[in-house]
């Protein structure tokens with residue numbers, strides 16, 4: 001990668017970062033029900049949630065370089081097809097779902113171990129649900145809403161920045177192919 005490509009990549013990352021930073025405000029403007037979690041920018045460094053500010057770096061560059069590595073390792077162009085980002089999103093959401101079950105399942109297990117045998121976990125996939133502990137007869141149902149939890153988590157920023165990294169990889173490949181063609185076949189003056 002030469003210096004021009006590096007500058008282009010930095011520009012694409014800065015554009016991605018800018019879009020991701022203002023995406024919560026945009027989603028809140030469209031509909032507060034689908035609004036993403038605000039990054040909470042403040043001048044007080046002890047009040048910042050650094051995961052939101054650092055996650056775009058990880059997601060963008062991890063996927064950007066993973067595409068080239070996967071294409072080279074598998075000796076195919078499979079990571080450059082549309083299936084890669086689709087699988088990335090599906091497996092990311094699946095991983096987050098498993099993480100929710102393990103994390104909140106552990107909380108419920110600790111509650112049961114503390115002497116509350118009627119506590120059970122319910123992970124809801126609905127969009128219009130609330131995370132709460134609800135009494136249902138003799139049971140206490142610990143309800144966790146998947147989409148609300150995902151929207152409030154920095155993991156979604158990782159997924160979006162990873163998708164932007166994949167798109168940037170495609171853009172950089174296209175730009176380098178076009179410049180290579182131009183070098184091989186210069187336009188007559």
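Projecting label points 7 angstrom from Cα along Cα→Cβ for residue 139 and residue 175 puts them 5.5 nm apart. Mean residue ellipticity at 222 nm, helices only, the chain: -22000 deg cm²/dmol; runs of at least 4 DSSP H residues each add -39,500 (n - 2.57), and the sum is divided by the number of residues. By the count of neighbouring beta-carbon atoms within 10 Å, fewest first, 31, 131 end up ordered 31, 131.
Within the chain, antiparallel bridges make up roughly 45 percent of the DSSP beta bridges whose residues both belong there.
Looking at the calculated P(r) for the stretch 25-75, what percent of the C-alpha pair distances fall above 12 Å? Beyond 12 Å sits 73 percent of the P(r) for the stretch 25-75. For the chain, the longest principal axis of the alpha carbon atoms and the long axis of helix 155-184 meet at an angle near 10°.
When both the stretch 1-38 and the stretch 75-145 are represented by their alpha-carbon centers, they are found 27 Å apart. For residue 77 and residue 54, a Förster radius of 35 Å and the Cβ-Cβ distance give a FRET efficiency of 0.70, rounded to the nearest 0.05.
Among the listed options (i) 38, 21, 16; (ii) 42, 20, 14; (iii) 32, 18, 16, the one matching semi-axes √(5λ) of the Cα gyration tensor in Å as calculated from these coordinates is (ii).
The numbers here are math on the coordinates, done by the rules we state, and not lab data. Source: prediction; values computed, not measured. Cβ sites come from the backbone with ideal geometry, for glycine too, and all protein chains shown count toward neighbours.
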